[in-house]
Amino acid sequence: MTQETKITEFIVFCIEMMAEKHGISGRRVTECFETAGVIDYLSNGYQTLHAMGKEWLMADIEKYLENRGIKEI
């Protein structure tokens, strides 16, 4: 598996987990992530972030969104 594939799978995982947590569609999460730059954040930080637990990761992404003025997905 290539590094690019691993990063893509990680981003998809984060989108799915955030959608499940907030009871919204993956499409809505993807739009929000694209607007706020979360996809780049996850891609660039993959080496560190992919090793974190799911709950920590979701909280980190929510904090990232909040810092960019998005308080609700």
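Observations, loosely collected:
- Each Lys and Arg contributes +1 and each Asp and Glu -1, all at the Cβ; summed about the Cα centre of the chain, the dipole is approximately 80 debye.
- Non-local Lys pairs in the chain, i.e. 8 or more apart or on different chains, that have alpha carbons under 15 Å apart: 5
- Per residue accessible area of the chain, 1.4 Å probe, in Å²: 65 Å²
- Over the chain, relative contact order from alpha-carbon pairs under 8 Å, at least 6 apart, %: 35 percent
- Shown here: log10 I(q)/I(0) by the Debye sum over Cα atoms at q = 0.15, 0.23 Å⁻¹, derived from the displayed model; of the candidates (1) -0.57, -1.11; (2) -0.50, -1.03; (3) -0.44, -1.07, it corresponds to (3).
- Percent carbon-and-sulfur accessible area, the chain, ignoring ligands, DNA and RNA, probe 1.4 Å: 48 percent
- Relative to the dominant Cα principal axis of the chain, helix 26-36 is inclined by about 90°.
The values are calculated or read from the model by the stated rules, or taken from the named source; none is laboratory data. Quantities reported herein were computed from a predicted structural model and do not represent experimental measurements. In this analysis, Cβ positions are derived from the backbone assuming ideal geometry, glycine residues included, and neighbour counts consider all displayed protein chains. Each accessible area value is taken on the protein alone, full model and side chains, heavy atoms only, with ligands, DNA and RNA left out. Shrake-Rupley method; radii C 1.70, N 1.55, O 1.52, S 1.80 Å.
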